[in-house]
Amino acid sequence: LNIEEPSSEFKRKPVIIIVVGMAGSGKTTLMHRLVSHTQASNLRGYVMNLDPAVMTLPFGANIDIRDTVRYKEVMKQFNLGPNGGILTSLNLFATKFDEVISVIEKRADQLDYVLVDTPGQIEIFTWSASGAIITEAFASTFPTVIAYVVDTPRSESPNTFMSNMLYACSILYKTRLPLVVAFNKTDVAQHQFALEWMEDFEIFNAALDSDQSYPSTLTRSLSLALEEFYKNLRAVGVSAVSGAGMDAFFKAVEASAEEYMETY
Ligand code: GTP
């Protein structure tokens, strides 16, 4: 009897990529780009939509929360506003998430990546019990990476940059999963400044000195505290619109998946 051990390659697949980011950062457009990139590169991708309120998706989803939960019905039935409706829909979906995991497990040897789009309001996913349950269910079964999408042109002000990075930092420490920061919209603004600010506290401080729009004392002290955080993440520049940076993005995801395999 010849029983082959499953290869480590098999065990590490698929890698789950959970895409989060502030409203308007370009999550959905980036998801679309990632889906096309995987298809064009012969990578075997599976696509999941966790936004119950999205009207139309520019890409096809293999698993779609909207097939299970009717967001408008949930709002009516529980007498909720839009955000409460999204949150409750996600809660309802989370109770069935073991079934979703089984579906992916059955196809595990045929998949390289599972791309997961999350609701437009970031906190609905990152600060809810159901978001935590879903993330945990993924991470206990597959290598899981968080892709944090940043609107690069809107982060050119040092104070805005800092708020965005603090949010990313809170996600990193809450989930304890590898995090890739995707500086999006590099067709409009290059992300070089962000890399410099993360690498060198002095350069960030100089930028802060020249920004009079906001009192900067808090930002200055926070930036020192974030030095440790910056060391723990991978940052890449991408453009969901032009497709720039896709190879760098997937390289960072692969390195993060390796880190996951070593750590978890
Ligand atoms: P919500 O889920 O609705 O909160 O937004 P989102 O984060 O999914 O962002 P979405 O993909 O809807 O993009 C927001 C806006 O940014 C749209 O007008 C996009 O066309 C634009 N956008 C997204 N990615 C890029 C990019 O790489 N470059 C440029 N120039 N615009 C982009």
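Taking the Cα centre of each part, how many Å lie between the range 34-76 and the range 213-254? The range 34-76 and the range 213-254 have Cα centres separated by 26 Å.
Across every direction, the projection of the convex hull enclosing the Cα atoms of the chain has a mean area of 15.8 nm².
Once the Cα atoms are used to define both axes, helix 97-106 deviates from the longest principal axis of the chain by about 70 degrees.
The ranking of PHE59, PHE78, PHE201, PHE138 from fewest to most other beta carbons within 10 Å of each one's beta carbon is PHE78, PHE201, PHE59, PHE138.
Its relative contact order, with pairs defined as Cα atoms under 8 Å and 6+ residues apart, puts the range 32-159 at 28 percent.
Each label point was placed 7 Å from the Cα along the Cα-to-Cβ direction; for ASP247 and ASP67 their separation is 3.5 nm.
What size of dipole, in debye to the nearest 20, comes out for the chain about its Cα centre when the only charges are +1 on Lys and Arg C-beta atoms and -1 on Asp and Glu C-beta atoms? Before the final figure, lay out each step's value.
Details: 21 positive and 31 negative charges, 178 e Å.
Charge dipole, the chain, about its Cα centre: 860 debye, nearest 20.
Summed over qualifying helices (DSSP H, 4 residues or more, each -39500 (n - 2.57)) and divided by its residue number, the chain shows a 222 nm mean residue ellipticity of -15000 deg cm²/dmol.
Between THR141 and LYS231, the C-beta separation translates, for a Förster distance of 35 Å, into a calculated FRET efficiency of about 0.80.
Within the same chain, aspartates and glutamates fewer than 8 places from LYS72 are excluded, and of the rest, those with a Cα less than 15 Å from its Cα are ASP51. List the lysines whose Cα lies under 28 Å from the Cα of LYS174, skipping any in the same chain that are fewer than 8 positions away. LYS174 reaches LYS11, LYS13, LYS27, LYS96, LYS185, LYS231, LYS251.
Placing +1 on the Cβ of every Lys and Arg and -1 on the Cβ of every Asp and Glu, with nothing else charged, gives the range 34-141 a dipole about its Cα centre of roughly 280 debye.
With R₀ fixed at 30 Å, the C-beta to C-beta distance from ASN79 to SER170 puts the FRET efficiency at about 0.45.
Taken together, the values in this text are just the output of simple stated rules run on the coordinates, not laboratory data. Predicted, not measured: the structure shown is a model, and the values here were computed from it. Note that we place each Cβ from the backbone using ideal geometry, even for glycine, and neighbour counts take in every protein chain shown.
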